[in-house]
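A short write-up of the structure that comes next.
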Amino acid sequence: PALGHEYDNGECSRCDDVLTSKFEDVKAGDFYFDPVEWAVEKGVTTGATDTTFDPNGNCLRGHVVTFLWRAAGSPEPTKTENPFTDVTEKDYFYKAVLWAVEKGITKGLTETTFGPTAECNRAQVVTFLYRAMGEPEVSSTQHPFTDVVEDQFYFVPMLWAVENGITNGLTPTTF
């Protein structure tokens, strides 16, 4: 007891204590337990419902830019011109999309569509994260993934994410 608890993904490494999440589909020991709890605590997300997070669900482009916008403190975009026909002022992601475009995090799928309901794949997420962090330099072009080549738009973002422990890929050899 004098040492206190030391939790990793909801499990104490010093005793048998286990934390519980408000989400019935997020359990102590899940690799995403700590990130989910952090994201809820910081207001980045509220979950799919009051009692579920849906950790195996698909994120949409509207979700991902909203998460990034909220993680940045939900700043007001300074530009109010909306170039996208599929984004309106009533959408929960409206300000997030304007902010993300303003900051160079995304340009949209086309000049006039953002694609807020399109699934956001791993390549897009890692690229959004990389751009949101200011496109930091990477120290190596070496990577273990056989499905990633240099001319892909997400090549440098993927290198950055691996170098910084953000992802290990789906398998040791595939991104």
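The values are calculated or read from the model by the stated rules, or taken from the named source; none is laboratory data. Predicted model, so just to flag it, every value in this text is computed and none were measured. Note that we place each Cβ from the backbone using ideal geometry, even for glycine, and neighbour counts take in every protein chain shown. Just so you know, the surface numbers come from the protein's heavy atoms only, side chains and all, with ligands and any DNA or RNA stripped out. Shrake-Rupley method; radii C 1.70, N 1.55, O 1.52, S 1.80 Å.
Select, from Phe84, Phe93, the only residue that is crowded, with 18+ Cβ neighbours inside 10 Å, modelled with pLDDT of 95 or more and under 27 Å from Glu37 (Cα atoms).
Phe93
Can you find, within region 145-165, the residue that is least open to solvent (accessible area, probe 1.4 Å) among those that are over 15 Å from Asn121 (Cβ atoms) and of a type in the set (Asp, Glu)? The selected residue is Glu163. In this structure, Val97 does not qualify as more than 21 Å from Thr127 (Cβ to Cβ) and among the β-branched types (Val, Ile, Thr). Being assigned to a loop (DSSP other than H, G, I, E, B) and in contact (Cβ under 8 Å) with a residue 12 or more places away in the chain is a property that Thr171 lacks. Taking the criterion of being farther than 30 Å from Ser74 by Cα and either open to solvent by less than 60 Å² (accessible area, probe 1.4 Å) or within 23 Å of the chain's Cα centre (by Cα) (or both), the residues of region 16-46 that qualify are Asp17, Gly29. Residues in region 96-106 that are assigned to a loop (DSSP other than H, G, I, E, B) and open to solvent by less than 20 Å² (accessible area, probe 1.4 Å): 2 in all.
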